[in-house]
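Read the structure below first, then the notes.
The values are calculated or read from the model by the stated rules, or taken from the named source; none is laboratory data. Everything numeric in this text was worked out from a predicted model, so none of it was measured. So basically every Cβ, Gly included, is an ideal-geometry build from the backbone, and we count neighbours across all protein chains shown. Just so you know, the surface numbers come from the protein's heavy atoms only, side chains and all, with ligands and any DNA or RNA stripped out. Shrake-Rupley method; radii C 1.70, N 1.55, O 1.52, S 1.80 Å.
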Amino acid sequence: MCGIFGYVTDKEEALGPILIAAAERLTYRGYDSVGAATIHHGKIDLRKDTGKVGEVAAKYNIAEMRGQRGITQLRWATFGEPSQVNSQPHLDSDGDMVGAHNGNVVNNVELREQFMAEGMTVRSQNDGETCVHAVERYINKGYQFIDAIRLAYGDLQGDYTFVIGRADDDKLYAFKKGSGMVVGLGEGFTCVSSDLPSILPLTRNVIRPQDGEIVTLWADRVEVRSVKDGKLIDRQPELVTETMDAVQKGGYPHFMLKEIHEQAQVARELLHLLDGSPDVAPLVEKMKKARHLYLIGCGTSYHAASVGAVYFAQLAGRAAIPVLAPQFIAQYAPAVGHEDVGIFVSQSGETKDVLNALEAAEKHGMACFGLANVVGSTLTKATSFCLPLCCGYEISVPATKTFTNQVVTFLYLAYRLAGKDTAELARIPDLMDQTLDMVGPQIEAIAKDINTWNDMYCLGYGATYPIALEGALKLKEITYAHCEGMLSTEFKHGPLSAVSQGYPILFAAGPEDVPLIISGINEVKVRGARTIVIAQEDPRLRANGDDLVALPPTDPQVNALLAVLPLQLLSYHMSVMRGFDPDFPRNLSKTLTVD
Ligand code: M6R
């Protein structure tokens, strides 16, 4: 998730230190490249590269940059590898406009081709540059700057926030489409950013523009206009009173809760990205033709792979083998060849177990592709191509938004394999938000009820089986209680003997599996278990289970995705009630680069 910051002042000053400090305060969003541009006596000074803020600032002496307007950007690569040329900000063809964005322009590839055909100088693969040329196109046609921006907005599809300035102008302009933007008003300056932390130490007086609005920033005032008709919009400033820590957590007490609530938005952005990705079609073709298809990962990423395998079979009749990465080496690598395809799944792209499996697969000539959140990570570089998960930085050690975006990617690929219309998936983000709204208070009450137990089970069937495994992993990871995830039908083959009065058993159920789940519920209920069922509203489940945590009605595949949300919330609340920090559970690390 990139971050941008723009600053306009009424006097020429040392902007470098202001831009570096703002960039530092955006680093928690995750990034691989840093850039800064200032506008000084009608000239643009642009310095940028891959690396940490401190490294790039030192290498290019950003601290010495002066001017009256400045832009800094932290890039988290999605379009184009992390490199100096793909770093932001970007110039237009003549070098007299400079701009940067955060988010994704999903028709980037088509627009770049159009701009090159129109004779513009396109230097990078990055979609931030596309935003600049989108404005340049209309300037070349003779439009006023603000109208050129309005027209560019219409051409740039996706979710993003963009800031741009011209060498011969005393203002900056910014617009917002589906991604965060905050404007700050200070003494003798104004600023704009992707979010509050970069602004707060400068001013607590802010305006929050909405999607479809353009902001013009002068040093002493700002103007908000509608993209649609160019008319002025009255947006009054508000005073922010929260602490910096609370602001970084988006007002949530922990990053995990913030990330749980970001899931709908990142799913929305991912779906847009997949619609525009040139890598999807070749990957689907390879998957179709593969002799065997392996989905390889560890921990939460393995669970997402396992959901994916169910989706591929149920929707497209394509068998896939989900496998834990180290076991792939022992069980499958000796038998694979160039006719086989592997998709390696990882949030970090640095998990050693996954990279070892990749190496073993490549030795045997298997076609290897990736699915990773951290673009520029080893996995993204070592595979033929790697689809980005598009989640931004996941700070909390327990994976939440990266899991759901892995599952959404697999569902998208299953639709493509089946020749189904992926437009149907656009409903998912709203259903995710609806689920969180519906289950919130009930899950908190259940957490309170069962929190004295240090042992429990989480059961599922079909697409909800890996969801039960994932729920159990989350519970173990941050409550330190033992929770075993299992296929519901297996419970009677042994674990049933563990049940005693009040013993908590969670069921994640699909709409087509209700009769089967009811048998499972009654098997344990008659032996005293407390049964908590996560499923769509169903009178039979309500009559049989102790608690029904109702999900919005949908198909079995999306139902499985939604079912993980209450389990994430349950583990979060139980962890907090136990006095633990869910973001940083003991003994664990976010990235496991050891065998
Ligand atoms: O970065 P990866 O997805 O490769 O990490 C794999 C596991 O270590 C990870 O999913 C782990 O299980 C999660 N922290 C669980 O929430």
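Looking at segment 373-391, which of its residues are within 9 Å of the ligand (Cβ to nearest atom) and open to solvent by 10 Å² or more (accessible area, probe 1.4 Å)?
Passing the criteria: only V374.
Enumerate the helices (runs of 4 or more DSSP H) found wholly within segment 480-595, keeping only those where 2 or more residues are within 16 Å of the ligand (Cβ to nearest atom), surrounded by 24 or more Cβ atoms within 10 Å (Cβ to Cβ) and of a type in the set (S, T, N, Q).
So the answer is 556-577.
Provide a single number: the residues in segment 332-355 that are open to solvent by less than 40 Å² (accessible area, probe 1.4 Å) and either more than 11 Å from the ligand (Cβ to nearest atom) or touching a strand residue (DSSP E or B) at 6+ places or on another chain (Cβ under 6 Å) (or both).
Selection size over segment 332-355: 12.
Hey, any hits in segment 411-433 for a residue that's within 16 Å of the ligand (Cβ to nearest atom), β-branched (V, I, T) and in a helix (DSSP H, G or I)?
no
Quick test of your reading of the structure: Q125 fulfils all but one of (1) open to solvent by 10 Å² or more (accessible area, probe 1.4 Å); (2) in a helix (DSSP H, G or I); (3) within 19 Å of P278 (Cβ to Cβ). Name the failing condition by number.
Every condition holds for Q125 apart from (2).
To keep it simple, each residue is scored yes or no on (1) modelled with pLDDT of 95 or more; (2) under 16 Å from the mean Cα position of the chain (by Cα).
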position	(1), (2)
V354	yes, no
L389	no, yes
T400	yes, yes
V407	yes, yes
A414	yes, no
G419	yes, no
A423	yes, no
R427	yes, no
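For segment 227-245, which residues satisfy the criterion of being open to solvent by less than 30 Å² (accessible area, probe 1.4 Å) and either at pLDDT 95 or above or more than 26 Å from G158 (Cβ to Cβ) (or both)?
V240
Taking the options L74, L26, L46, name whichever one is in contact (Cβ under 8 Å) with a residue 24 or more places away in the chain and open to solvent by 40 Å² or more (accessible area, probe 1.4 Å).
Among L74, L26, L46, only L46 is in contact (Cβ under 8 Å) with a residue 24 or more places away in the chain and open to solvent by 40 Å² or more (accessible area, probe 1.4 Å).
Does Y311 count as within 16 Å of the ligand (Cβ to nearest atom) and either under 18 Å from the mean Cα position of the chain (by Cα) or assigned by TED's automatic domain parsing to the domain that holds P388 (or both)?
no
Residues K448, K474: which one is touching a residue at least 60 places away in the same chain (Cβ under 8 Å), closer than 18 Å to D547 by Cα, charged (D, E, K, R) and not assigned by TED's automatic domain parsing to the domain that holds E259?
Just one listed residue meets the conditions, K448.
Looking for something away from the ligand (no atom under 14 Å from the Cβ) and at negative phi - is there at least one such residue anywhere in segment 392-409?
Yes, because at least one residue in segment 392-409 is away from the ligand (no atom under 14 Å from the Cβ) and at negative phi.
In segment 458-479, which residues are open to solvent by 10 Å² or more (accessible area, probe 1.4 Å) and in a helix (DSSP H, G or I)?
Y465, L469, L473, K476, E477
What number of residues in segment 91-100 are open to solvent by less than 20 Å² (accessible area, probe 1.4 Å), touching a Leu at 6+ places or on another chain (Cβ under 9 Å) and within 16 Å of R75 (Cα to Cα)?
The number of residues fulfilling the criteria is 2.
Can you name the strands (runs of 3 or more DSSP E) wholly within segment 1-104 that have at least 3 residues being among the hydrophobic types (A, V, I, L, M, F, W, C)?
Correct list: 3-14, 33-40.
Could you count how many residues in segment 365-381 are touching a Phe, Trp or Tyr at 6+ places or on another chain (Cβ under 7 Å) and in a helix (DSSP H, G or I)?
The qualifying residues number 1.
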